[in-house]
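Each remark here refers to the structure printed beneath this line.
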Amino acid sequence: ISATVGSSTTGNTVTIHVTDSAPTLAHRYTFNGTSGTTVADSVGGAAFTAKLVGGATLGGGKVTLDGATGYVHLPVGLVSNMDEITVETWASFNSVVSNFANLFCLGYADTNGDVNTGLGADYINVQLENGGVPQLNFGQGIPGNTGERDAVGSASLQGSNNVHVVAVFHPYAGYEAL
């Protein structure tokens, strides 16, 4: 990259070398416990411990969600200061997956004063079922889905077992993939 410095007419230039950093594993949750309500992050450490909520249980090397109240609450700041991320998981789905059910959702709900509008802002999520196919959604700061960019999967995940789901988010390159 070359840039003109000041208003000199002699063509002063500065060369800047940009080195891309190598991909780094930042967090890993194995769900290999047999009981309890917390799951350690074996890479990110204790500050990123996840919590099981509602009908979420551990056993058999996995977390099982009841489809109603169960979820895994990941800590705040999990993807802060990251320019791009890849989230991957192995998952199984029963034969009936509700429309708009999320495999994961990172971000926050917008608030309007003291009232939570319930609309997401600055989020990334994978919906397991959206009109018959899974969909990756990337909300860019605008509450709700107005500014959302999406990547759509090719086949329904309903009834699938041991599916490797990978979601890639690279907003600066304008790239999302599922």
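Convert each backbone phi in the range 51-56 into a coupling constant with the Karplus relation 6.51 cos²θ - 1.76 cosθ + 1.60 (shift: θ = phi - 60°), then list the ³J(HN,Hα) values in order as whole Hz, x for Gly and Pro.
10, 7, 10, x, x, 10
How far is it, in nm, from the label point at Thr15 to the one at Ser42 when both lie 7 Å from their Cα along the line to the Cβ?
So the two model labels end up 4.5 nm from each other.
How large is ³J(HN,Hα), in whole Hz, for each residue of the range 73-85 in order, when computed from phi with the Karplus curve 6.51 cos²θ - 1.76 cosθ + 1.60 and θ = phi - 60°, using x for Gly and Pro?
The phi angles translate into 8, 8, x, 4, x, 4, 10, 4, 6, 9, 7, 8, 9 Hz.
Points 7 angstrom from Cα along the Cβ direction at Ser156 and Thr34: gap in nanometres?
Computed distance between label sites Ser156 and Thr34 equals 3.8 nm.
Around Ser160, which amide H atoms from residues at least 5 apart in sequence, or from another chain, sit under 5 Å from its own amide H, with H modelled in the peptide plane?
Phe93
Once you list every other residue whose beta carbon is under 14 Å from the beta carbon of Val87, what net charge do they have if Lys and Arg are +1 and Asp and Glu are -1? Working shown, then result.
Working: positive: Arg28; negative: Asp41, Glu84, Glu88, Glu176.
Spelling it out: positives minus negatives among the neighbours equals -3.
Under a crude label model (7 Å from the Cα following the beta-carbon direction), how far is Asn94 from Val79 in nanometres?
2.8 nm
Using a 1.4 Å probe on the protein heavy atoms only, what accessible surface does Thr86 show? Give it in Å² to the nearest 10.
Approximately 90 Å² of Thr86 is accessible to the 1.4 Å probe.
Less than 14 Å Cβ to Cβ from Ala56, Lys/Arg counted +1 and Asp/Glu -1: what total charge do the surrounding residues give?
Working: positive: Lys51, Lys62; negative: Asp66.
Computed value for this residue: +1.
The values are calculated or read from the model by the stated rules, or taken from the named source; none is laboratory data. These figures come from a predicted structure and were not determined experimentally. Here the Cβ is made from the backbone with ideal geometry for all residues, glycine too, and neighbour counts use every protein chain on show. Side chains are part of the model used for accessible areas, which takes the heavy atoms of the whole protein and leaves out ligands, DNA and RNA. Shrake-Rupley method; radii C 1.70, N 1.55, O 1.52, S 1.80 Å.
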